[in-house]
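A short write-up of the structure that comes next.
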Amino acid sequence: MKRALSLLGVGLTATALLASCSEGERPARQRADAQTSNVSTSRATGANGTLEQVARERNLTPDDLIAAAKTYLPSGRHDDYIMFSSGGHSGQLFLIGVPSMRLLRTVAVFTPESWQGWGFGAGNEILDEGKVNGRDVLWADTHHPALSETNGDYDGEFCFINDKANARIAVIDLKDFETKQIVKNPLSLSDHGGCFVTPDTEWVIEGGQYGSPLGWEYAPIEDYNNSYRGYVTFWKFDRASGRILTDKSFAMELPPYWQDLFDAGKFVSEGWIFGNSINTELATGGIESGNPPFEAGVSQRDNDYLHVINFEKAIATYNAGKTREVAGFPVIETQTAVDEGLLYFIPEPKSPHGVDISPDGNYIVVSGKLDPHVTIYGFNEIQEAIAGGGYTQDQYGVPILDFDDCTVAQIEVGLGPLHTQFDDQGYAYTSLFLEPAVARWALGGEAGKLNPEPDWSLVGKVNVHYNVGHISAAEGDTASPDGKYLVSLNKWSIDRFFPTGPLLPQNFQLVDIADQGDSMQLLYDMPVGFGEPHYAQIIKADKLDPWLVYPEIGWDPVHQRVDPNAPRAGQEGITRNGNTVTVNMTAIRSHFNPEHVKVKQGDRVIWRLTSVERAQDSTHGFALPAYNINLSLEPGEYIQFEFVADQAGTFPFYCSEFCSALHLEMMGYFLVEPN
Ligand code: CUK
Ligand code: CUA
């Protein structure tokens, strides 16, 4: 029920809003406006009446007005935070401003995207890196973006993202927000547990999910326990080149449970990796043969296993060559991991989803989807349990530590707990899929800022609509979370938006978490009509330092350097060598040079195109019909593409960005003379 709109309530609210807008936070131009006359003061007073009128006409409560004021950005003002959201089965990454919840940009990753020319003459060699057994796979199911970190905090340099559907990892450089590399995992087709970085981004962690023979060769499902396996891969990242070094990377073979998500320890737990799992039942489904379906078979046991990996030691084991080559990739076998003391299990309740490390690295938080608690493991307790010895083992020989020895608390938070984030006040937040709600709870020992007693307790809840999966708080998985905002990534949006046919968008709900205690305010609903995002990370905008134009004319964004082949102004022309024709073309407002490109049918065409613009935002496009080419040429950018001119005809090419008053004239003719 909407609260009745009282004149007094709105009046006070509006006054408070105006008063709370401190001079210091307002841009200089607006301060200057305010100083030049008294009109602005009377306007502000007058605005009370107007605000009240608008509120009444639009049926807005005082809370609605506060929410609007907390999220609205006047034209020209920027968001404080940028959310990097996975794009789910769109295969892309999305950048969203917080708190305005405005979509800023799609980053083309695994899927062709024609606005950016991605896959239409640009980025083709990177998309080719994502081939599976030589076949194009031009979609992906992106789940978990991972911003690069220094000392456990986002540093704004790179973003990684996984493709659950084909076990691939992409590397995005945040200088230009473009994808630079796609790595296909040679061991598997399934990688839900990617990707997560170590605190200095030396390694990118990619965990598997659905068990299969490593290398995915055929094996009968009846042979699941013997032939199928899980894994986690550790990709070595080289910051200088901005690339994963595949020949310095390795994997660890795991039992064929379904590894779900991983996280890297930090501070006290740095050098350790934690992963949760489901299907320790080793269920193999087969509903058509009268077997329990997976959904029943996978959730029979009360416990699954938290995977605890001594990663420091695993690196040493890899460096010592104690690996086996599988599909040409070095793998530490499970037996080796056990012998070397690299791998331990701890029971975790029940069908868990998500494992999240507290900002100080002391605690590992796991939620069982079918258990109303969050379970908190202590890193020191785990170390003592490992040192204590006397383990039981699972059927693959992996030591199982005692649950009670390793846990420090369990808190009943509600129904269907999934993922956890943290704030700067010693609170943790856990999504509750079934309620649906987000629970705030006090992280014992860390709640000291407001609550001096070590305290593990539920503090408050905010309802969300509907079925929240991940949540993302501002820098909420780092060593120093910011608090302030939390976004609830809701799976369903029924009744929240105009129904666009039977397919509805997802719903991102912005929640204000700045107020302490049990008050959290829902501020904004953002329809997400471009895929089903899973995880997102929110970074302080001032940590990002993108280029405004490419650093030099002739810049090749794939390799982040000037390409010596890039044509410069004055070097334009067309050269023929046998039946290979090289086009050296430049683009500037408002023409291409050359404008006539004449070839013979069957010629191989190498087309080199440089934007010689230096002004920010002076982007040109390049559209070549029938040959499936479209480019986005940002200032300074160089792109080369090749094709065989197998279709004779007259092809008008043109600039596909409205770049100037004479944009429509920015065109030319590609003339292919028939044989
Ligand atoms: S997952 Cu989708 S809601 Cu892939 Cu991290 Cu949990
Ligand atoms: Cu260049 Cu339009």
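Bear in mind these aren't lab numbers, they're just calculated from the coordinates by the rules spelled out. This is a predicted model, so every value here is computed, not measured. Note that each Cβ is placed from the backbone with ideal geometry, even for glycine, and that neighbours are counted across all protein chains shown.
Key figures
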{"quantity": "Span-like helix ranges in the chain, DSSP H, alpha carbon extent 15 angstrom or more, Kyte mean at least -0.5", "calculated": "7-20"}
{"quantity": "Efficiency of FRET from Cβ geometry, GLN53 and GLU202, R₀ 51 Å, rounded to 0.05", "calculated": "0.30"}
{"quantity": "Relative contact order computed over the chain (Cα-Cα under 8 Å; 6+ residues apart), in percent", "calculated": "9 percent"}
{"quantity": "12 Å Cα-Cα reach of LYS164 towards aspartates and glutamates, excluding residues that sit fewer than 8 places from it in its own chain", "calculated": "ASP141, ASP191, GLU206, ASP260"}
{"quantity": "Antiparallel bridge percentage (DSSP; both residues within the chain; nearest 5)", "calculated": "90 percent"}
{"quantity": "Cα gyration tensor shape for segment 407-547, rounded if a/c is under 1.5, else prolate or oblate", "calculated": "oblate"}
{"quantity": "Overall form of segment 236-279 per C-alpha gyration tensor (a/c, 1.5; a/b vs b/c)", "calculated": "oblate"}
{"quantity": "Gain on full stretching of the segment that runs from THR392 to LEU370 - 0.36 nm per residue minus C-alpha separation", "calculated": "5.4 nm"}
{"quantity": "Share, in percent, of DSSP beta bridges within segment 500-655 that are antiparallel, nearest 5", "calculated": "75 percent"}
{"quantity": "Extension gain, ARG568 back to HIS78 (0.36 nm per residue minus Cα-Cα distance, nm)", "calculated": "172.9 nm"}
{"quantity": "Fraction of beta bridges assigned by DSSP in segment 530-613 that are antiparallel (%, nearest 5)", "calculated": "55 percent"}
{"quantity": "Residue order, fewest to most surrounding Cβ atoms within 10 angstrom, among GLU149, GLU333", "calculated": "GLU333, GLU149"}
{"quantity": "Rounded, prolate or oblate (a/c below 1.5 giving rounded, otherwise prolate when a/b exceeds b/c) for segment 61-114 by Cα gyration tensor", "calculated": "prolate"}
{"quantity": "Relative exposure of ASP556, ASP238, judged by other C-beta atoms within 10 Å (fewest first)", "calculated": "ASP238, ASP556"}
{"quantity": "Potential extension, SER289-ARG135 segment - 0.36 nm per residue separation minus Cα distance", "calculated": "52.2 nm"}
{"quantity": "Kirkwood hydrodynamic radius (C-alpha pairs) into Stokes-Einstein, the chain, 25 °C and 0.890 mPa s, D in µm²/s", "calculated": "89 µm²/s"}
{"quantity": "In nm, spacing of pseudo-spin labels at LEU282 and LYS70 (7 Å Cα→C-beta vector)", "calculated": "5.1 nm"}
{"quantity": "Per-pair calculated FRET efficiency, R0 = 56 Å: TRP115 and GLU384 via Cβ, rounded to 0.05", "calculated": "0.50"}
{"quantity": "Euclidean distance of C-alpha centroids, segment 220-274 and segment 339-403, integer Å", "calculated": "17 Å"}
{"quantity": "Segment 548-669 - percent relative contact order, Cα under 8 Å, separation 6 or more", "calculated": "28 percent"}
{"quantity": "Computed label-point distance, nm, for sites GLU595 and GLU340 using a 7 Å Cα→Cβ extension", "calculated": "6.6 nm"}
{"quantity": "Ranked ASP423, ASP646, criterion: other C-beta atoms within 10 Å, fewest first", "calculated": "ASP646, ASP423"}
{"quantity": "For segment 363-372, 3J(HN,Hα) per residue [Karplus equation, 6.51 cos²θ - 1.76 cosθ + 1.60, θ = phi - 60°, Hz, x = Gly/Pro]", "calculated": "10, 10, 9, 10, 10, x, 4, 9, 9, x"}
